[in-house]
1. Give me the distance between the Cα centres of the range 118-155 and the range 42-108, rounded to whole Å.
2. Give the percent of DSSP beta bridges with both residues in the chain that are antiparallel, rounded to the nearest 5.
3. For the chain, what relative contact order do you get, as a whole percent, if you take Cα pairs closer than 8 Å and at least 6 residues apart?
4. For the range 23-102, just say rounded, prolate or oblate: build the C-alpha gyration tensor, square-root its eigenvalues into a ≥ b ≥ c, call rounded for a/c under 1.5, and beyond that prolate if a/b exceeds b/c, oblate if not.
5. Quick one, what does Rg over Rh come out to for the chain if you take C-alpha atoms and the Kirkwood Rh?
6. Stokes-Einstein D for the range 1-53 at 4 °C, 1.567 mPa s, Kirkwood Rh over Cα pairs, in µm²/s?
7. For the range 92-192, just the Cα atoms, rotate onto the principal axes and tell me the three extents in Å, largest first.
8. Kirkwood hydrodynamic radius (Cα pairs, Å) of the range 70-151?
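Since every read-out is calculated from the coordinates, none of them should be taken as a lab result. Here the structure is a predicted model, which is why all the values come from computation and not from measurement. Positions of Cβ are backbone-derived with ideal geometry, glycine not excepted, and every protein chain shown enters the neighbour counts.
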């Protein structure tokens, strides 16, 4: 913890670098990814402060849209699209994902009921090889399911229809640093 505290103490000693951020934000991309500490969107993309609007959830799950029972995730997505006017959304899954691995393996999660209940939002259950520690196939199918879920949000569907929004499906390999993107024409994940 001490190295983090030390960095935080010196971080604000460059006010000229941060002054413009007080004027507001206008990110062009909403980056939806897992809460996993090994996935750092700004590091992966090289984004600077103000360039990415991030939503991090266990397993990069996009919950179903329900306006009568809004979630913080839906509110974040709505704010990014309707208020900030992002033009692109990236849904980024990652190798070695504990949440998707638990779903693929059918792990007993009774000891972590909040996690268990949250993961019910990951329907359909990702398919993949149970013995694969990377859970690559499971994560990739899961990312595509979350993209479909996003498309069911009324305001997302409207922006897509109007050509004002693009959605990208990415897969990040924590063990290599490689990023793959879903190629619709071949229905496969390929290097960016």
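1. 12 Å
2. Of those bridges, close to 30 percent are antiparallel.
3. After rounding, I find 20 percent.
4. It comes out oblate by the Cα gyration axes.
5. On the Cα set of the chain, Rg over Rh gives 0.99.
6. The diffusion coefficient I find is 99 µm²/s.
7. Rounded to whole Å, the extents work out to 45, 31, 20 Å.
8. Across the range 70-151, the inverse of the average 1/r is 13.9 Å.
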